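The next block holds one structure in the form of structure tokens; read it before the comments.
The values are calculated or read from the model by the stated rules, or taken from the named source; none is laboratory data. The structure presented is a predicted model; accordingly, all values stated were derived computationally and were not measured. Here Cβ is always computed from backbone atoms with ideal geometry, including for glycine, and neighbour counts include all displayed protein chains. Protein only, heavy atoms only, side chains kept; ligands, DNA and RNA dropped before computing areas. Shrake-Rupley method; radii C 1.70, N 1.55, O 1.52, S 1.80 Å.
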Amino acid sequence: EWITHTDFSSTSSSFKFREQDFAVIVLSSGIPYNGYLGMQTANLFFNDQYTEPATTDFKNLKTKKLSNAQLQKYTGKYWNERSGYSRVIALKDDTLRYVRSNGSESALLPLTDNQFQMMVPGDDKILISFSGKTQMELVIGESDPIISTRIESYTYNNEALQAVVGTFYCKALNTVYEFSIEAGNLTATNLKAGKVSFKPVKERLFEGDKWFFGSILFDKDLNGFNLQIEDVRKLKFIKI
């Protein structure tokens, strides 16, 4: 018997095996869930005591055959408001795929008409459920659901982006970023951190391509913005 706890704000996990008086803790920040590493470590010590295989045999998973038309209705871009990141559900080779912002992806195997199991290393059971065409719910093991909402594509033209071009200063970090437009995309440059490129999510809201710039929401007057990532909420930058 074991107890698990996952902190999704920092993607850290702990596993405690009470009968064996053994614990594994996985610490991480700013990367995807990695609890399977903790269970794989425990398997090295207690392989002969595992009642189930250490790796899920997806070939024996009971799945349901869905047509491409049934799968297609779940495709699109989904936005997680709490953590400020997007995920894309794509249909490739008759299989739904869960695509992360860094480009990595995992196949989704249909269990029912609207529930899928993600193919991942180890024995973690990651389920994704869709509610209609607007909401996606992700559950890892016995964790609380992570809810994302489907969003439509949003675009800015160069003229609209010009309003946020300039220098933005963060007092808490004592740092500045220069915002400019390159090839029609909003970018921010810092001498130490390099360049971040942004894609619009909706009006005044942009998603960055670096983990430390997850998403930014500009003020209505466009003279400042709040930065949000997994571990940070409303970090303020002011235009100078």
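The set of residues in segment 122-175 that are farther than 23 Å from VAL99 by Cα, outside any loop (DSSP other than H, G, I, E, B) and touching a Leu at 6+ places or on another chain (Cβ under 7 Å) comprises LEU161, ALA163, VAL164, CYS170. Of the residues making up segment 118-147, those that are at pLDDT 95 or above and either β-branched (Val, Ile, Thr) or farther than 22 Å from GLU81 by Cα (or both) number 1. In segment 61-73, the residue that is most open to solvent (accessible area, probe 1.4 Å) out of those that are touching a Pro at 6+ places or on another chain (Cβ under 8 Å) and assigned to a loop (DSSP other than H, G, I, E, B) is LYS65. Remark: LYS171 matches the filter, which requires a residue to be closer than 23 Å to LYS236 by Cβ, open to solvent by 30 Å² or more (accessible area, probe 1.4 Å), in contact (Cβ under 8 Å) with a residue 40 or more places away in the chain and among the basic types (Lys, Arg). Take the residues in segment 97-121 that are of a type in the set (A, V, I, L, M) and assigned to a loop (DSSP other than H, G, I, E, B), then tell me which one is most open to solvent (accessible area, probe 1.4 Å). Looking at residues that are of a type in the set (A, V, I, L, M) and assigned to a loop (DSSP other than H, G, I, E, B), I get MET119.
Looking only at residues of segment 207-240 that are modelled with pLDDT under 95 and of a type in the set (Phe, Trp, Tyr), we find that the one that is surrounded by the most Cβ atoms within 10 Å (Cβ to Cβ) is PHE213. The single condition from (1) modelled with pLDDT under 85; (2) under 28 Å from GLN135 (Cα atoms); (3) of a type in the set (Ser, Thr, Tyr) that TYR50 fails is (2). Does segment 192-215 contain any residue that is among the polar types (S, T, N, Q), over 25 Å from VAL88 (Cβ atoms) and in contact with a strand residue (DSSP E or B) (Cβ under 8 Å, 6 or more places away or on another chain)? No, because not a single residue in segment 192-215 is among the polar types (S, T, N, Q), over 25 Å from VAL88 (Cβ atoms) and in contact with a strand residue (DSSP E or B) (Cβ under 8 Å, 6 or more places away or on another chain).
For the residues GLY76, GLY38, the requirement of being open to solvent by less than 30 Å² (accessible area, probe 1.4 Å), farther than 30 Å from LEU205 by Cβ and within 23 Å of the chain's Cα centre (by Cα) singles out GLY38.
Sub-6 Å Cβ pairs linking a first residue in segment 177-192 that is farther than 15 Å from THR167 by Cβ to a second residue that is surrounded by 14 or more Cβ atoms within 10 Å (Cβ to Cβ) and not polar (S, T, N, Q), at least 6 apart or interchain, number zero.
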